[in-house]
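The values are calculated or read from the model by the stated rules, or taken from the named source; none is laboratory data. These figures come from a predicted structure and were not determined experimentally. Methodologically, a virtual Cβ is constructed for each residue, glycine included, from the backbone with ideal geometry; neighbour enumeration extends over all protein chains shown. Ligands, DNA and RNA are stripped out before the accessible areas are found, and what is left, the full protein with its side chains, is counted by its heavy atoms. Shrake-Rupley method; radii C 1.70, N 1.55, O 1.52, S 1.80 Å.
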Amino acid sequence: DAKTTQPNSMESNEEEPVHLPCNHSTISGTDYIHWYRQLPSQGPEYVIHGLTSNVNNRMASLAIAEDRKSSTLILHRATLRDAAVYYCILGGTSYGKLTFGQGTILTVHP
Amino acid sequence: DTEVTQTPKHLVMGMTNKKSLKCEQHMGHRAMYWYKQKAKKPPELMFVYSYEKLSINESVPSRFSPECPNSSLLNLHLHALQPEDSALYLCASSHPLGQKYFGPGTRLTVT
């Protein structure tokens, strides 16, 4: 499985934007970039995924570098409920497996 | 309904016991997963079922035995576990477009 590198932790203030980076220099042409988050005492939750183009949904935006070797998850206005571990994962779609890396612990300050 | 349910929420078992974890989804997803998560670590994949057939076994010890009786149900049978098997066991199902939906997990303690 291709590997991703994320900062161990990041901090943000409430109502400010948050940019969570992910490096994936060995990404293959068929790998999608998936983001999940895990709130305390809960199972992981799907956030967003994309292949080449930037993607937006109600939770976040995903900005993908032109060479696809890095990506950034953007939370436009952080809330206290966004405090979680954020995982950037490479993989296919459909019924493929999801292999989690260490993730980034996001702390949001009031 | 985008919910994956898992029972029980908590389980304490001795090393000689046999118990089962249950996972259910009614989203029509045809792939289901078992993950194990130790404290402060990321989830680790254990098994993948696709169309009710075991498609991936990540070299899991035989004391863990998965079963997929139908497309909505996934079980994990536990026998002769060790204390180091204590962890949060997560079930997930996969939408055909790739989004995985996770249950809240079963917190297992082996004494």
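Observations
- Residues of region B:24-54 that are more than 21 Å from A:C88 (Cα to Cα), free of Cβ contacts under 8 Å to residues at least 60 places away in the same chain and surrounded by 15 or more Cβ atoms within 10 Å (Cβ to Cβ): B:E24, B:Y49, B:S50, B:E52.
- Contact annotation: no residue pair with Cβ atoms under 7 Å, 6 or more positions apart or on different chains, pairs a residue in region A:2-31 that is within 14 Å of A:Y86 (Cα to Cα) and among the aromatic types (F, W, Y) with a partner that is modelled with pLDDT of 95 or more and open to solvent by 50 Å² or more (accessible area, probe 1.4 Å).
- Any pair with Cβ under 7 angstrom, 6 or more apart, that starts in region A:70-98 at a residue that is more than 23 Å from B:Q37 (Cβ to Cβ) and ends at one that is crowded, with 22+ Cβ neighbours inside 10 Å and of a type in the set (A, V, I, L, M): A:S71/A:I33; A:S71/A:L62; A:T72/A:L20
- Within region B:56-111, the only residue that satisfies the criterion of being over 18 Å from A:K97 (Cα atoms), aliphatic (A, V, I, L, M) and facing chain A (nearest Cβ under 10 Å) is B:L88.
- Filtered by the rule that a residue be of a type outside the set (S, T, N, Q) and loosely packed, with under 15 Cβ neighbours inside 10 Å, region B:74-92 gives B:H77, B:A80, B:P83, B:E84.
- Extreme residue, nearest to the other protein chains (Cβ to nearest Cβ), among residues of region A:53-110 that are assigned to a strand (DSSP E or B) and closer than 16 Å to A:S28 by Cβ: A:G91
- Test for A:T99: is it under 23 Å from B:T106 (Cα atoms) and either surrounded by 19 or more Cβ atoms within 10 Å (Cβ to Cβ) or of a type outside the set (D, E, K, R) (or both): yes
- Picking from residues in region A:15-37 that are within 13 Å of another protein chain (Cβ to nearest Cβ) and more than 11 Å from the chain's Cα centre (by Cα), the one that is farthest from A:G103 (Cα to Cα) is A:T30.
- Conditions (1) modelled with pLDDT of 95 or more; (2) surrounded by 13 or more Cβ atoms within 10 Å (Cβ to Cβ); (3) out of contact with any Cys (no Cβ under 8 Å at 6 or more places or on another chain): number failed by B:K18: (2)
- Those residues of region A:56-77 which are of a type outside the set (G, A, S), open to solvent by less than 40 Å² (accessible area, probe 1.4 Å) and farther than 21 Å from A:I105 by Cβ, in sequence order: A:I64, A:R68
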